[in-house]
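The values are calculated or read from the model by the stated rules, or taken from the named source; none is laboratory data. Note that the structure is predicted; figures quoted are calculated from it, not measured. Every residue, glycine among them, receives a Cβ derived from its backbone with ideal geometry; neighbour counts consider all protein chains shown.
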Amino acid sequence: MFDKVHRALARGHDPAVDVWIALTAIYAPWVEPSRRAPVPLVQSEGLTIPARVPGVLHAWLRAREGAWLGLVSYSITSESDIGSIRMRHLVPQTAVTRRWPVGEEPF
């Protein structure tokens, strides 16, 4: 997908790399507690936004301002009939960390 793009602008991963995605770095402004308590249905079946989720990194893309953004995929689950919501979008570099298999930490 990014083979013809200069490496200063994009770096693809094929296969994708296992990563942790810090959702607090992405959604914090929108998931702060509401001033009014939500109704019980929303409390019990609304989306749960965990602090971090496992996902995969497809590529790094460079913004015009110079920052690197990760193109990632992950899922957010719900206790309701919504089920799992698959996400694929750009996130800040600070939200992405490598996820190593158990027992294979690099240090």
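Take Ala63 and decide whether it is free of Cβ contacts under 8 Å to residues at least 12 places away in the same chain, among the aliphatic types (A, V, I, L, M) and in contact with a Leu (Cβ under 7 Å, 6 or more places away or on another chain). So Ala63 fits the description; yes.
The residue that is farthest from the chain's Cα centre (by Cα), counting only those in the stretch 80-100 that are surrounded by 12 or more Cβ atoms within 10 Å (Cβ to Cβ) and more than 14 Å from Val19 (Cβ to Cβ), is Ser80.
Can you name the residue in the stretch 24-50 that is closer than 18 Å to Gln93 by Cβ and in contact with a strand residue (DSSP E or B) (Cβ under 7 Å, 6 or more places away or on another chain) and is also surrounded by the fewest Cβ atoms within 10 Å (Cβ to Cβ) among such residues?
Of the stretch 24-50, the ones closer than 18 Å to Gln93 by Cβ are 24-28.
Going one step further and asking which of them are in contact with a strand residue (DSSP E or B) (Cβ under 7 Å, 6 or more places away or on another chain), we end up with 25-26.
Values: Ala25: 15, Ile26: 19.
If we take residues in the stretch 24-50 being closer than 18 Å to Gln93 by Cβ and in contact with a strand residue (DSSP E or B) (Cβ under 7 Å, 6 or more places away or on another chain), then Ala25 is surrounded by the fewest Cβ atoms within 10 Å (Cβ to Cβ).
Once the stretch 14-50 is narrowed to residues that are part of a strand (DSSP E or B) and of a type in the set (A, V, I, L, M, F, W, C), the residue that is modelled with the lowest pLDDT is Leu47.
Once the stretch 1-13 is narrowed to residues that are part of a loop (DSSP other than H, G, I, E, B) and of a type in the set (Lys, Arg), the residue that is surrounded by the most Cβ atoms within 10 Å (Cβ to Cβ) is Arg7. Hey, could you check the stretch 55-79 for residues that are under 11 Å from the mean Cα position of the chain (by Cα) and either in a loop (DSSP other than H, G, I, E, B) or of a type in the set (Ser, Thr, Tyr) (or both) and say which is modelled with the lowest pLDDT? Per the stated criteria, the residue is Ser75.
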